[in-house]
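Encoded as structure tokens, the structure appears first; notes follow it.
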Amino acid sequence: MMLQIFEQGLQKFFILVLNMSLTASVMILAVILSRLLLKKAPRIFSYALWAVVLFRLLCPVSFSLTVSLLGVLQNEPAVEGRMEYIAEDIGYWEKPEVALPVPGISEVVNEILPAENREASVNPMQIYLTVGAYLWLLGVMSMGIYSMLSLRRFRRYLADAVQEKENIYRFRKKGSPFVCGLLHPRIYLPEKMEEEEEQYILLHEQIHIKRGDAVFRLLAWLALILHWFNPLVWAAFLLSGRDMEMSCDEAVIRKLGSKVKKEYSASLLNMAAGGRIVKGIPIAFGESDTGSRVKNVLHYKKPAALFVGGAALLSAVLSVAFLANPAKAKENENIFYGVVIQTGEAKNVQETIVRIPGYGDVVLPEAKDVSLYLERDAEQIILSGDLLRITFSTDQEVQLAATEQYGKTLYRFAAMPEEAAESIQVMGEGFSLERREGDRYLFAVPLGMADQAKAGDTLELFHDPNADSTEEIYLSAQEATPEQVLFAAVEVLSVDAEHYDIWVELGAEEAEIFLSEFGFGVTAKLIQIQSPAGTAAGADGTSPSASEQTSMQD
């Protein structure tokens, strides 16, 4: 039992890491391309962009904006701030599918994912996920052990280091200068250095400390351990380290002036000749890629203020676009919810009438797509009592035109530039909606409480104003949320126990809320009228005391 719980938790965390890694992979490629745009700009701007990648590698949630790289790539909006290309429960799907961040790849991957084998005791996808999760954990543990062994060897190497002054230490063995430590970082220098050369190197290392590069490097190493399986993360680790060092070199040149470029380059070459001793140690980092750094120093020219400002603005815009998740599409006001009150033949044309609260009885329009109720075994059939969601495109201008037909006023949708709706979806069945005076409706609430309710009880209806009712039905309605608010408290007028209906009277706005959010978090609470002796009152509801009886989500 404990092993099963562990494996389930491990699978969930592994899928979370995979989703973060997929998002970060897109950002890594984007930053690599952005470095080309910022090639002539100070390296600090390229270095700053790697912070976005680091955030994506370590944090699964982010904010949403209309300006988003992931949105441009046509990714779906985030779920609770998280990008989910691989669903947490994909191992239980009959036909597993992923939605990868780059268009065109998902279809290829989905073709090779194993479908459910009903004859097997375990879904093949679950087996693959379990094996993958254990391999990932083994890699994480291996890199962690390697880091600890490297740190132990490193401390032995510096056992004879001597403090010279403040946070500056000298070591006797060969090696290049480096910074080590987080809270109290130390600068380690080789024993033999020229005075002028030492001035350059000390300034370089002090800039590292002032900018907090040690913290960035530690977090980058932790990200590398988590995402060891992703080659793009290894590339990002190396490139970010290069940009960090080059931006630090440029800061030294800006401080001391261009006249020291040759001398500073020579000091870099001398230090490189000493060899690197910092490898696989997250709290220490030293010199690397000396050839590229020397070339960058020799070609460095102090840019104009206007150019720096433009590069800073571009870097900021790119950072926001890379950090942001896709925003939800603009709320579509061309969505209508109603209950089918009539189906039948009229003038050899199938006429279906839908009662839409606040509008009236409307003739159901043609639609490009019609989807039926999940539990109905039928094809392209809409029945009386069905709850419909009629969706027109946001590009359409929709109006309702009144007509006299069958001896009563009906309405028809008049949409431009085309009449047809985008979709009609059957969201539920078994509803009744009767029009009363003053734009009020006698409403049959199919909530399954009829065996407990009686006339005179009070029915309180709650909803979540933030529920996304444009999603597929029931995807977001499995758990009640604390954000739910009361939108109606009405008297039970009568009960149809045979059909599990509770009849109440609702205003047009209340009825619209119930219909639009049914299946997405509408919750009902029944408050029964009881007699003073504690027995339930009769249908006349004469007893004054009340108590909560049932709380139930649709």
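Under the Kirkwood approximation for Rh and a Cα-based Rg, what ratio Rg/Rh is obtained for region 67-202?
On the way: Rg = 26.0 Å, Rh = 20.5 Å.
Ratio of gyration radius to Kirkwood radius: 1.27.
So if each residue of separation counts as 0.36 nm, and I subtract the Cα-Cα distance between W228 and K328, what length gain in nm does that give? The partial results should precede the final answer.
On the way: separation 100, 0.36 × 100 = 36.00 nm, distance 3.22 nm.
Additional length available on full extension: 32.8 nm.
Could you derive backbone 3J(HN,Hα) for region 456-466 from the dihedral phi with the Karplus parameters 6.51, -1.76 and 1.60 (θ = phi - 60°), listing whole Hz in sequence and x where the residue is Gly or Pro?
Going residue by residue, I get x, 5, 10, 10, 9, 10, 10, 8, 9, x, 9 Hz, with x marking Gly and Pro.
When the gyration tensor of region 23-123 is built from Cα positions, what are the square roots of 5 times its three eigenvalues, in whole Å, from largest to smallest? Don't skip to the end; give the middle numbers.
Working: eigenvalues 234, 41, 29 Å².
Taking √(5λ) for each eigenvalue gives 34, 14, 12 Å, largest first.
From the cross-link list K259/K301; K192/K255; K39/K295, which pairs have alpha carbons spaced over 18 Å apart?
Working: K259/K301 11 Å; K192/K255 25 Å; K39/K295 13 Å.
As for pairs spanning more than 18 Å Cα to Cα, those are K192/K255.
Pop the C-beta distance of S142 and I105 into the FRET formula with R0 = 35 Å and round what comes out to the nearest 0.05. Can you show the working numbers first?
Details: r = 29 Å, r/R0 = 0.83.
Once the sixth-power term is evaluated, E becomes 0.75.
Stokes-Einstein diffusion coefficient for region 151-207 at 4 °C in a medium of 1.567 mPa s, Rh from the Kirkwood formula over Cα pairs: what value in µm²/s? List each step's numbers first, then the result.
On the way: Rh = 11.7 Å.
D = 110 µm²/s.
The numbers here are math on the coordinates, done by the rules we state, and not lab data. What you see is a predicted model; the values in this text were computed from it and never measured. As a convention, Cβ positions derive from the backbone with ideal geometry for all residues, glycine included, and neighbour counts pool all protein chains shown.
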